Each structure stands twice: as structure tokens, then as C-alpha cells.
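Student: Pasting a structure here, questions to come.
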């Protein structure tokens, strides 16, 4: 697969392998971080506006003030895909509590420099692509995710430890049971189709793309930006 994973980190673009975070960042020590992931197929994003909107809601709920706005997140996501060279990609957008301004390991979470980073990686299938038509073994993990009284499950978070048990059980994937029902912000009636896309209501707007021309028109970005 041609291309290289690209990150936007600390205000600049770089290879994903060069993006590093401190081991005392609350994102590591407390998993104090929220995220969202948007896919791009054929360099076309799937419901980018809705993913960014849901991401911003997650940040507000945990009181992380992003240093960038919604339109800038869209531009950064598109730039990451463009620089990566991937036709099919997943873009992660992450909002972090950030390091304590005091430089300490512990402190008041209100005294942190909130951060944002994003990165584009090759598109991946939760169920391997070759199993989509033939069927797959799915094991429902016995370990439940943190209940809603502990972590608001309408906020996308990285509580995924139970899924690490899947390989030992010879299963293809291991979704965890939720302790509450979590509505899908994009469509309350969404179902996963055999192509891996959500069979949801029709688009309310044209899908945004990663091409130079359409981004220039949609987000008023000069094509010279891509040179």
C-alpha cells in the first residue's frame, strides 16, 4: 500500500512515527482523552461534518477546550489524508487534557493546557475484509465496559482493554458489552452493511472530499496550500 501515515501534532504535520506524547500526560496516566474517527474511501470523507460535531460534543462534555475550531479540524483531517497519499484512510481526531502547567505529575485538571492532534492511517476493517462475505466468528467479551455512572458513554473514549482477550479465544473480533445504551449521534437507525458502511438516512449535504479543488471550494483554502 502506497503512502505513509501522517499526524498533525503540536501545530505541525509530521510522519506518525515522529509524533510523541509525554508519559506523564493525563492522556496516558488517566486516559483523560476523547476521540473520534472518520473514514475516507476513494479520498472522499464519510459524513465528516457529523463526526466533527460529535467530537466537539465529546470535548465539551469532559470540559476540554480545543485550540482549533470545527472548520480547522476538517482542514487538518483533509491535509493529513492528502499528505499521507492514502486513497482509503481513517482519520483519528483527539482532544487531550494536556500537561499540568505546573510541570507536575498530579494537579488540578483545570490547570492543564488542553490539546488537539489528528492522524491519518490506512483504512482498516474491524472484521477482516475477507470475512465480510464469508462470515466471521465474533466473541462478546465477558468484561463489561465502565458503566455510564463512571464514564459517560456518549463520550467516545479509549476504554478498550477487554477486547485484548480476543486472540486467545480464536475469534475475529471481540466487541464489549455496554452497561447502557449509547445512541448513535449520526443516525438512530443506523445498521452496518456488508460493505462496512452505515446504512443510514440519505446525506443531507454532499460528502466532502480530500481533493485539492473541492477543498478549496468548500473551505476557501487556496490550492497553493497544497504545493
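We did not get these values from a lab; they are worked out from the coordinates using the rules stated. These numbers were taken from a predicted model, which means no experiment stands behind them. Virtual Cβ from ideal backbone geometry, glycine too; neighbours counted across all protein chains shown.
Student: For segment 57-130, calculate the relative contact order in percent as a whole number, restricting contacts to Cα pairs under 8 Å that are 6 or more residues apart.
Tutor: The value is 35 percent.
Student: If you don't mind, there's one more thing I want to ask. Can you tell me how much longer the chain between residue 60 and residue 24 gets when fully stretched, taken as 0.36 nm per residue apart minus their C-alpha distance, in nm with one decimal?
Tutor: Numbers: separation 36, 0.36 × 36 = 12.96 nm, distance 2.30 nm.
Fully extending the segment from residue 60 to residue 24 adds 10.7 nm.
Student: Across 5 Å bins from the origin, how do the percents of Cα pairs in segment 5-110 run, short distances first?
Tutor: 2, 12, 21, 21, 20, 13, 7, 2, 1, 0
Student: How do the peptides 149-158, 101-110 rank, highest first, by the average count of neighbouring beta carbon atoms within 10 Å per residue? Kindly include the intermediate steps, with their values, before the conclusion.
Tutor: Numbers: 149-158: 14.7, 101-110: 10.9.
By packing density, highest mean first, the sequence is 149-158, 101-110.
Student: At a 10 angstrom cut-off on C-beta neighbours, averaged per residue, how do the peptides 111-123, 84-96 rank from highest to lowest?
Tutor: Numbers: 111-123: 19.5, 84-96: 22.2.
Top to bottom by mean Cβ count within 10 Å: 84-96, 111-123.
Student: Same structure again: Considering the zone a paramagnetic label at residue 10 would reach in this model (a point 7 Å from Cα along the Cα-to-Cβ line), which residues of segment 22-45 have amide N under 14 Å from it?
Tutor: 22-25
Student: Also, I was wondering about something else. Expressed as a rounded percentage, what relative contact order does segment 8-126 have, with Cα pairs under 8 Å and six or more residues apart?
Tutor: Relative contact order for segment 8-126 comes out at 32 percent.
Student: Place the peptides 33-46, 12-25 in order of packing, highest mean first, counting for every residue the other Cβ atoms within 10 Å and averaging per peptide. Walk me through the numbers before you get to the answer.
Tutor: On the way: 33-46: 19.4, 12-25: 13.1.
The densest-packed peptide leads the list: 33-46, 12-25.
Student: Follow-up question, since we're still on this one. Which of rounded, prolate, oblate describes segment 61-141, given a ≥ b ≥ c as roots of the alpha-carbon gyration tensor eigenvalues and a/c under 1.5 marking rounded, otherwise prolate only if a/b is larger than b/c?
Tutor: Oblate, because a/c is 1.5 or more while a/b does not exceed b/c.
Student: Then there is this: Once both labels are modelled 7 Å past Cα along the beta-carbon direction, what's the residue 53-residue 105 spacing in nm?
Tutor: Modelled inter-label distance: 4.3 nm.
Student: May I ask you to list the residues of segment 48-74 whose amide nitrogen lies under 19 Å from a point 7 Å from Cα along the Cα→beta-carbon direction of residue 114?
Tutor: Taking a point 7 Å out along Cα→Cβ of residue 114, the residues of segment 48-74 whose backbone N falls under 19 Å are 51-74.
Student: Separation of segment 46-119 and segment 1-36 by C-alpha centroid, Å?
Tutor: 10 Å
Student: Follow-up. Describe numerically, in nm with one decimal, the distance between label points set 7 Å from Cα along Cα→Cβ at residue 159 and at residue 41.
Tutor: For the pair residue 159/residue 41, the computed spacing is 3.1 nm.
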